[in-house]
1. With (1) at pLDDT 95 or above; (2) farther than 23 Å from residue 52 by Cα as the list, and residue 133 as the residue in question, which single condition is left unmet?
2. If we keep just the residues of the range 13-39 that are within 16 Å of the ligand (Cβ to nearest atom) and assigned to a helix (DSSP H, G or I), which is nearest to residue 87 (Cα to Cα)?
3. When the residues of the range 40-75 are narrowed to those that are within 16 Å of the ligand (Cβ to nearest atom) and β-branched (Val, Ile, Thr), which ends up farthest from residue 140 (Cα to Cα)?
4. Output the qualifying pairs, or none if there are none: Cβ atoms under 9 angstrom, residues six or more apart or on different chains, first residue in the range 31-50 and of a type in the set (Phe, Trp, Tyr), second residue near the ligand (Cβ under 10 Å from one of its atoms).
5. What are the residues in the range 44-69 that are in contact with a strand residue (DSSP E or B) (Cβ under 7 Å, 6 or more places away or on another chain), crowded, with 19+ Cβ neighbours inside 10 Å and not in a loop (DSSP other than H, G, I, E, B), if any?
6. Only residues that are more than 14 Å from the ligand (Cβ to nearest atom) and either within 29 Å of residue 22 (Cα to Cα) or open to solvent by less than 30 Å² (accessible area, probe 1.4 Å) (or both): list them for the range 76-97, please.
7. Please pick out the residue among 96, 79, 108 that is in a strand (DSSP E or B), of a type in the set (D, E, K, R) and under 12 Å from residue 133 (Cα atoms).
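The values are calculated or read from the model by the stated rules, or taken from the named source; none is laboratory data. Because the structure is a prediction, the values reported are computed rather than measured. Positions of Cβ are generated from backbone atoms using ideal geometry, with glycine treated the same way; all protein chains shown enter the neighbour counts. Only protein heavy atoms, including side chains, enter the accessible area calculation; ligands, DNA and RNA are left aside. Shrake-Rupley method; radii C 1.70, N 1.55, O 1.52, S 1.80 Å.
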Amino acid sequence: MAIRKIRTMGEDCLRKKCKEIREVTPKIQELIDDMYDTMYDAMGVGLAAPQVGILKRLVVIDVQDGNPLTLINPEIIYRGGSQTDDEGCLSIPGKRGTVTRPMYVHCRAFDEDMNEFVVEAEGLLARCICHELDHLDGVLYADKAEGGLKNVEEDEE
Ligand code: ZN
């Protein structure tokens, strides 16, 4: 268990397409545990492996609904509706931006035992899944933010 360094916008690892995971080796299990530690330490709701410099298709999410999610090789298989709201990213500290995302997504992924499952998400969880999966293809919300990025301080006035 360890807190890893969160990479920030401008670093190459955030712009690469990540590789699929074939099996959950002890090293991958350690990475998963560290990603939860790192996410909770930074008070985030999601973290993708490239954000700690590892180019693998792995995401952890905890939107504080009592159901932390480990998504290995995740894929969105259904998108429905739309929602427009502010989001932020641990790799772009101090900023927020307005992004339109689907209101509903179904995401197929593998769990830590490499069993396939589907999570049906809406609202914040759907937004978070879309945001984190974008990271696996080198996409940042800053690329999609309507009207660019704002400083969090201004936002809280
Ligand atoms: Zn992010």
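1. (2)
2. Among residues in the range 13-39 that are within 16 Å of the ligand (Cβ to nearest atom) and assigned to a helix (DSSP H, G or I), the one nearest to residue 87 (Cα to Cα) is 39.
3. It comes out as 63.
4. 36/47
5. Those that are in contact with a strand residue (DSSP E or B) (Cβ under 7 Å, 6 or more places away or on another chain), crowded, with 19+ Cβ neighbours inside 10 Å and not in a loop (DSSP other than H, G, I, E, B): 46, 47, 48, 49, 58, 59, 60, 61, 69.
6. Matches in the range 76-97: 76, 77, 78, 79, 80, 83.
7. Result of the check over 96, 79, 108: 108.
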